[in-house]
Structure formats: C-alpha cells, structure tokens
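Notes follow once the structure below has been shown.
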Amino acid sequence: MKINDLQKIEKPREKLMKIGAENLTDVELVSIILRSGGKDYPVTSLSRDLINKFGGIKELLLADIEEILEFKNIDTAKASSLKAVEEISKRYLSPSRETPTYVKTPKDVYDIVRKDIFNKNQEYLFLLCLDSRNKLISKDIISKGTLNETLIHPREIFKKAVSKNSCYIILAHNHPSEKCEPSDEDIKVTKRIHNAGINMGIPLIDHVIVTNDNFSSMKSSNLISCC
C-alpha cells in the first residue's frame, strides 16, 4: 500500500503541508521518506514497526544499511532514502567547508565535532590539532567509550600531535546523557593530559564536552588553566 492509498486525513504529506513538519509524528515523517509499505501493509505500519524494532527514529537513522535491509518490505530504495536523510542531517550540522577553520572559542569546537557525535550512544573522544594561529590541522578520534584514566594514555595523544606538527591541542568528547557537566574521571584525564602537554611543549588549551544541543568548556570553568 502506497502513501497515496491512505485516507486523505491520514496522508502524512498532506498533514505536513497543512500543519508543518514539526507537528508530524516520527511515524509520519518516516512514512514520507519510505513512500510505500507492502501488500496489505500500509506505509504507516511499516514505519511504526521499523521505529519500534530499532528503538526510536534516532536509532533507525543510525543503523547500518545492512540492518535496515533485513527488515521485511525494505528494499534498497527505502534503505538508501533513510541513510540519505541521516547524512543530510549530519552535513547540516557540520561547519562550512568553504573557508579555513580557526578554533578560537568553545563554540568553534562544538561546531567542528557536532556532526560526528550527533545522536551517538557512546562517548567519542576527539583530538583537535592546531597550528600557531589556532587554525585546525586535523580532527582525530582517540577513543570510543567512557573516558578512563587507565585507558587513555597521554603518549598516544601526543604521538598524534607531534606527527601533525601541532602547536596546541584541544580535546572534545560527547555525553550521550545530554548533560554537559564533566565527570570526576573527565577531570582526572584532562588534568593528566594538560600536565603532559606542558612538559611536551604542546599545550592542551581546552577540553570541551558536547551534547546534541549544548557544550561546556573546562577552561571556561577554570578546571584547567590557560596556556
């Protein structure tokens, strides 16, 4: 059953035009993307079952395309449409690629990594390497999972920083809990790397914790000193 076969009052596209996309349910939005369901299987039912299977619209969009294709009545066209929406969302959140990226504020850090951490279910620690003018040289994932002082060794961070000819470094990681406050372990890890940076001559100038919609800076909170 295609979306056009639904009763007019049930058609998600018509509802979007009448009341706006922000007023549609997750099921209705996914139905617009999928366009059709299957024989005796309305697109709204397919959308609802997909969302329930993966645990939410966020988890559905983040799922591997192979996982999506395993679902009955999902073909390559439907799966590709879902992954395209995910990528469009990420690109919308990413900073412009047309101009050089200079990192001067915690908001700059947030803008640089937001695309990579959006809706992630585990923590990702990023290393930003900067030149003498605070221009971004590189962005690298250092670890995945909860920050732990015993697992994150300064040696690995500064090995990468030296290989990039960095003058300064910044750390950034996400909190899937959507709470920006640093944990005790976050602070311990940061201070250890900060002290190592002083000895290496490559100062850690900030550690920014990011969520989907917010961020906090350890330097601004006076948890580490300025270089």
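Details
- Selection status of residue 36, touching a Lys or Arg at 6+ places or on another chain (Cβ under 6 Å) and either polar (S, T, N, Q) or modelled with pLDDT of 95 or more (or both): yes
- Criterion: outside the structural domain of residue 116 (by TED's automatic domain parsing), in a helix (DSSP H, G or I) and touching an Asp or Glu at 6+ places or on another chain (Cβ under 6 Å) - qualifying residue of 61, 29, 50: 61
- For the range 87-107, taking the residues that are surrounded by 13 or more Cβ atoms within 10 Å (Cβ to Cβ) and touching a Phe, Trp or Tyr at 6+ places or on another chain (Cβ under 8 Å), the one that is modelled with the lowest pLDDT is identified as 93.
- Just so you know, in the range 138-169 the residues that are among the β-branched types (Val, Ile, Thr) and out of contact with any Asp or Glu (no Cβ under 6 Å at 6 or more places or on another chain) include one that is nearest to residue 60 (Cα to Cα), and it is 141.
- Among the candidates 222, 195, 199, the residue that is over 19 Å from residue 154 (Cβ atoms) and either in contact with a strand residue (DSSP E or B) (Cβ under 8 Å, 6 or more places away or on another chain) or surrounded by fewer than 18 Cβ atoms within 10 Å (Cβ to Cβ) (or both) is uniquely 222.
- Scanning the range 155-179 for residues that are crowded, with 16+ Cβ neighbours inside 10 Å and within 19 Å of residue 209 (Cβ to Cβ) returns 157, 168, 169, 170, 171, 172, 173, 174, 175.
- Contacts under 8 angstrom Cβ, first residue in the range 184-210 being outside the structural domain of residue 162 (by TED's automatic domain parsing) and free of Cβ contacts under 8 Å to residues at least 40 places away in the same chain, partner part of a helix (DSSP H, G or I) and surrounded by 16 or more Cβ atoms within 10 Å (Cβ to Cβ), 6 or more apart: none
- The residues of the range 99-135 that are hydrophobic (A, V, I, L, M, F, W, C), in a helix (DSSP H, G or I), more than 16 Å from residue 146 (Cα to Cα) and within 10 Å of the chain's Cα centre (by Cα) amount to a single one, 113.
The values are calculated or read from the model by the stated rules, or taken from the named source; none is laboratory data. All of these numbers come straight from a predicted model, not from anything done at the bench. Methodologically, a virtual Cβ is constructed for each residue, glycine included, from the backbone with ideal geometry; neighbour enumeration extends over all protein chains shown.
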